[in-house]
Structures are given as structure tokens and as C-alpha cells.
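**Student:** Dumping the structure here so I can ask a few things about it.
The values are calculated or read from the model by the stated rules, or taken from the named source; none is laboratory data. Keep in mind the model is a prediction, meaning the values are calculated, not measured. Note: ideal-geometry Cβ built from the backbone for every residue, glycine included; neighbour counts use all protein chains shown.
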Ligand code: PMV
């Protein structure tokens with residue numbers, strides 16, 4: 001499973017002089033979190049995520065073959081229809097990292113146009129959806145060059161390439177649930193790419209995720225810095241071992257359709273992630289007072305109504321509210337009446353579990 005050589009094209013392919021393609025990729029929300037990495041986005045522990053549906057990046061790439069080898073410093077990147085030179089270094093780093101696996105890119109000039117369905121300043125990280133959409137476009141070109149590539153191979157390599165751009169992007173290719181990182185309980189799981197997991201009870205395949213935008217600004221400490229602080233973290237080994245246990249426990253919970261077990265485990269995972277930030281050196285806090293208020297309200301609501309409203313957190317102040325579709329009417333009223341007030345400018349996003357990449 002961990003053989004990178006399988007992703008290096010070995011044969012002479014077709015001549016493709018120009019090609020344009022458009023892909024839309026979703027964001028995802030981890031239930032068991034990836035926090036801490038080795039070398040290039042190799043996770044220190046396995047993770048599990050819900051793929052989202054509405055929060056997406058749509059990217060058009062125009063590949064034009066050149067006479068001379070390209071170093072991709074002259075990339076053209078547009079965001080929301082406007083030139084976005086600040087995105088160029090990120091895309092160039094991504095291309096440099098994937099070149100050993102997509103050497104044909106050396107011959108192409110790329111014109112990239114990208115838009116997000118969610119506001120740029122919403123505090124929602126777009127790197128997972130952005131890298132997955134870009135990787136999908138590259139894999140579409142690869143499919144033109146090597147038409148014998150199977151759909152399965154294409155999807156697997158797409159996740160592999162996306163991972164090199166942003167770790168969690170490996171989980172934005174398919175849905176509704178994706179595993180990433182090796183674990184003995186799932187022999188087909190890999191550190192190199194995400195795999196779709198289909199054994200969850202039906203109730204989880206239509207789960208809702210309402211994202212409460214507590215802080216729409218850029219977070220004060222990036223994920224890259226946070227991952228690095230797991231090196232020499234006093235609790236790192238315990239955290240990795242806890243995540244391994246949570247991974248196996250969560251899969252059993254999902255398979256059984258155990259909604260109480262889900263709420264208990266997913267909330268402890270979210271708080272463990274933030275506990276790592278609270279206890280790193282230097283330490284930092286990404287939760288805001290309103291994040292805590294929402295957590296308390298969610299727990300109170302669950303206790304008094306016995307409805308299955310659960311929270312999880314990303315590496316930021318925003319809160320993801322997870323709940324089953326059949327409870328969405330009642331829970332929706334609670335969100336509108338009690339929780340929307342905690343959001344910056346009263347903004348939130350209603351999303352749900354989705355299926356992954358779409359070719360446009
Ligand atoms: O993919 P990165 O490097 O942005 O890291 C993502 C980290 C978390 O979102 C906090 C957890 C996860 O598994 O997605």
C-alpha cells in the first residue's frame with residue numbers, strides 16, 4: 001500500500017498539445033483528526049472524515065504544451081475572475097512536489113481559474129478542496145496522455161497527488177466517508193492516499209453539517225505551524241495512540257449506527273485536537289468565547305431533548321454541527337433561535353455529507 005513508485009508513469013504516452021478541464025472538489029470535516037505529520041504529509045495517525053457537499057472549490061485548468069521545459073514560475077492563476085499572484089507560490093510548490101509522479105507537467109504552461117462556493121473570508125480552510133480540484137484536473141490530463149488508466153487508478157492517484165498539496169486534501173476526492181492513514185483494522189488504508197469507506201450505517205450517509213462561522217478571519221496560527229508543534233510535544237505519543245484507538249472505535253460506532261457513541265467520541269476528538277494546541281510550546285488558543293458558548297448550548301440541548309446534535313471543531317474557532325437528517329427540522333429551529341446569534345455577522349453555512357469530486 002505504501003509504494004510510491006506505483007504512481008510514476010512508466011510508458012510513452014499520447015501527444016496532447018492543449019487540453020482544458022474543469023473540476024469541482026468538496027471540503028471535508030475530520031471526525032478523527034489528523035494532527036502531526038512526518039515528511040511530506042505522511043500522517044502520524046490515521047483519520048476519518050465526512051466529505052461535504054456544498055463547500056466546494058471549482059477549478060478550470062488550461063494546459064498548453066510548450067517547446068521548452070517549464071519551471072512554472074510563469075503560472076497564471078485567477079481567483080474569482082481576478083489575477084491572484086499571491087496563490088502562485090503555493091501552486092508552484094504543489095507542482096514541484098508532484099512532478100516526480102506527473103513528469104509530463106514539465107512540458108505544459110498552466111492557466112488556472114478557481115472559485116470557492118463559500119466566502120474566501122469565512123474562516124473555512126479551502127486548501128483541501130482547492131488541492132483536490134487541482135489534482136483532479138492534472139489526473140484528467142494524465143488520462144488523455146495514458147488512456148488505459150482505469151477510473152480506480154485515477155481516483156487513487158488523484159488523492160495521492162492532492163495529499164502532497166495539503167494532507168487533508170487526500171480525503172476530498174470521494175465520499176461520504178473517507179479513511180486516510182494506515183491502521184491494522186482497515187487493511188486497504190494507506191498513508192499515501194485516502195480510501196472511501198462504505199460500511200457506515202445509512203443514517204450517517206445523509207448526515208448534516210451546519211457550520212457556525214464564529215470567526216470569519218484568517219486564523220492566528222496556521223495548520224502547518226500546528227502540525228510542527230507536535231514534534232517534541234509532551235503529549236504527542238499519547239495523542240497518536242488515542243487517535244488510533246478512536247479510529248477503530250469510531251468505525252465500529254459508524255457501522256452500528258450508534259448515534260450516542262458518535263456524539264461522545266467525535267466531541268472528545270475535537271477537544272483533544274484543541275488540547276494539543278493548549279499544551280504545545282508555545283501554546284495557543286483558537287477557540288473563542290462564542291465557540292465555548294456554542295459547545296455548552298449543544299450539550300445542554302442534547303441532554304434535554306435527547307436529539308443527536310453533536311459538535312466538532314477544525315483548527316479554528318468555527319463550530320461544525322453534525323446531526324441526522326431526520327432530526328434536521330427540529331434542530332434547524334434550535335440553530336436559528338439560539339445558535340445563529342453566536343456567529344460573526346450572524347453567518348452560517350448549511351451543508352451535508354456528499355460524494356466527492358465532480359467533473360463540470
Ligand atoms: O491538511 P492540513 O495540513 O490543513 O491539516 C488539517 C488538520 C485538521 O483540519 C485540523 C484535521 C484534519 O484531519 O482535517
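**Student:** Looking only at the range 26-45, which residues are farther than 20 Å from residue 93 by Cα and either within 10 Å of the ligand (Cβ to nearest atom) or crowded, with 24+ Cβ neighbours inside 10 Å (or both)?
**Tutor:** Scanning the range 26-45 gives 26, 27, 28, 29, 30, 31, 32, 33, 34, 35, 36, 45.
**Student:** Next question, about the same structure. Out of 88, 77, I need the residue that is free of Cβ contacts under 8 Å to residues at least 60 places away in the same chain, closer than 30 Å to residue 316 by Cα and in a helix (DSSP H, G or I). Which one?
**Tutor:** Numbers: 77 fails: in a helix (DSSP H, G or I).
Checking each option against the conditions leaves just 88.
**Student:** Filter the range 111-170 down to residues that are surrounded by fewer than 17 Cβ atoms within 10 Å (Cβ to Cβ) and under 19 Å from residue 80 (Cβ atoms) and give me whichever is modelled with the lowest pLDDT.
**Tutor:** Among those that are surrounded by fewer than 17 Cβ atoms within 10 Å (Cβ to Cβ) and under 19 Å from residue 80 (Cβ atoms), it is 121.
**Student:** Which one of 112, 124 is within 16 Å of the ligand (Cβ to nearest atom) and touching a strand residue (DSSP E or B) at 6+ places or on another chain (Cβ under 9 Å)? Quick ask: steps written out before the conclusion?
**Tutor:** Details: 112 fails: within 16 Å of the ligand (Cβ to nearest atom).
The unique qualifying residue is 124.
**Student:** Would you say residue 199 is within 13 Å of the ligand (Cβ to nearest atom) and either closer than 30 Å to residue 282 by Cβ or surrounded by fewer than 18 Cβ atoms within 10 Å (Cβ to Cβ) (or both)?
**Tutor:** Working: within 13 Å of the ligand (Cβ to nearest atom): no; either closer than 30 Å to residue 282 by Cβ or surrounded by fewer than 18 Cβ atoms within 10 Å (Cβ to Cβ) (or both): yes.
No.
**Student:** Suppose we filter 130, 136 for residues that are assigned to a helix (DSSP H, G or I) and within 16 Å of the ligand (Cβ to nearest atom); which single one remains?
**Tutor:** Going through 130, 136 in turn, the sole match is 130.
**Student:** Residues in the range 284-317 that are within 16 Å of the ligand (Cβ to nearest atom) and farther than 26 Å from residue 48 by Cβ: how many?
**Tutor:** Qualifying residue count for the region: 0.
**Student:** Can you pull out the residues in the range 253-303 that are farther than 24 Å from residue 214 by Cα and assigned to a helix (DSSP H, G or I)?
**Tutor:** 253, 254, 255, 256, 259, 260, 261
**Student:** Considering only residues that are in a loop (DSSP other than H, G, I, E, B) and either touching a strand residue (DSSP E or B) at 6+ places or on another chain (Cβ under 7 Å) or touching a residue at least 40 places away in the same chain (Cβ under 8 Å) (or both), which ones fall in the range 139-177?
**Tutor:** Within the range 139-177, 146, 147, 166, 172, 173, 175, 176 qualify.
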